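What follows draws every value from the coordinates through simple rules; no lab data is involved. The shown structure was predicted, so the numbers you read here are calculated from the model rather than taken from an experiment. Methodologically, a virtual Cβ is constructed for each residue, glycine included, from the backbone with ideal geometry; neighbour enumeration extends over all protein chains shown.
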Amino acid sequence: MKAWWKAGIVAAGVWALAAGAIYFSRASRPTPESVATLIRSKPMEGLDPAGRMAVVERVADQVVRLNFEGRQQLRTTLADRSFFELLTPEERTRFIELTLPEGFRQLMEALNKMQPAARQKLVNRALEDIERDSPEIAGRIDDEQARKILGEGLSAFYEDASADVKLDFAPVIEKLQQSTQSLR
């Protein structure tokens with residue numbers, strides 16, 4: 001009988017640890033609101049270069065841990081844009097290096113799962129956004145950063161996108177390449 005009690009206590013302990021680990025992992029996952037709060041609570045003014053870079057890396061780590069929908073929600077707060085505008089060119093490059101690959105992976109995954117009609121709406125919106133935002137983007141990022149973003153995006157696109165996504169997004173890719181060339 002003692003063996004059954006011991007086994008029951010051990011099993012209950014294991015389940016309690018598993019439940020705690022699951023709870024902790026879910027609680028530690030960032031939300032768009034928590035990332036926006038982090039960005040707003042970490043002023044960059046007055047920090048030395050190492051301190052600024054630590055903030056850049058902390059924010060990038062939180063952004064990377066957001067899922068695709070979370071990143072989209074963060075963009076609506078404009079906190080990420082205001083943060084990016086405060087960064088030096090070197091800090092922007094580092095932020096891009098840390099966040100871009102996962103962002104493109106998530107984007108390709110989302111595009112591959114989308115229904116064709118929804119994807120076509122996204123294509124139309126992307127074409128409009130490129131046309132509208134190209135001059136503004138040219139003022140925020142330099143040529144090297146633009147080439148890096150486009151290169152990473154195209155690489156992810158050609159590696160991970162389905163044939164239907166590639167076909168639907170061909171006009172967007174063409175427009176992006178034209179816009180990038182006009183930045184020069």
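Based on DSSP H runs of at least 4 residues, each adding -39500 (n - 2.57), what is the mean residue ellipticity at 222 nm of the chain after dividing by all its residues, to the nearest 500 deg cm²/dmol?
Calculated from helices alone, the mean residue ellipticity at 222 nm is -29500 deg cm²/dmol.
With N set to the residue count of the chain, report its C-alpha Rg divided by 2.2 N^0.38 Å to two decimal places. Walk me through the numbers before you get to the answer.
On the way: Rg = 21.4 Å, N = 184, 2.2 N^0.38 = 16.0 Å.
The value comes to 1.34.
Which FRET efficiency, nearest 0.05, do Ala170 and Asp48 yield, Cβ-Cβ r, R0 41 Å? Show your work: numbers first, answer last.
Working: r = 46 Å, r/R0 = 1.13.
My answer for the efficiency is 0.30.
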Dipole of the chain, positive end: most advanced residue of Met114, Ile149, Ser34 [Cβ charges, Cα centre]
Ser34
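Applying a 10 Å radius around every beta-carbon, put 33-39, 46-52 in order of their mean neighbour count, most first. Don't skip to the answer; put the middle values down first.
Working: 33-39: 18.3, 46-52: 10.9.
For the peptides 33-39, 46-52, the packing ranking is 33-39, 46-52.
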On a 0 to 90 degree scale, rounded to 10, what angle separates helix 163-183 from the longest Cα axis of the chain?
50 degrees
Defining a contact as two alpha carbons under 8 Å apart and six or more residues distant in sequence, what relative contact order in percent does region 42-140 show?
31 percent
Listed by chain and number, the lysines with an alpha carbon less than 21 angstrom from that of Lys113, same-chain partners under 8 positions apart left out, are Lys121, Lys166
Can you compute the charge dipole magnitude of the chain about its Cα centre, using +1 on each Lys and Arg Cβ and -1 on each Asp and Glu Cβ, nothing else charged? Give it in debye, rounded to the nearest 20.
940 debye
Expected sort for 113-121, 155-163, 59-67 on mean C-beta neighbours within 10 Å, highest first, is 59-67, 155-163, 113-121
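What is the chain's relative contact order, in percent, from Cα pairs under 8 angstrom and six or more apart in sequence? Mind dumping the intermediate values first?
Details: 111 pairs, mean separation 38.8, N = 184.
Dividing the mean separation by the residue count of the chain yields 21 percent.
What net charge do the residues around Lys166 carry, taking every other residue with its C-beta under 14 Å from that of Lys166, with Lys and Arg at +1 and Asp and Glu at -1? Walk me through the numbers on the way to the answer.
Working: positive: Arg119; negative: Glu159, Asp160, Asp164, Asp168, Glu174.
Local charge sum for Lys166: -4.
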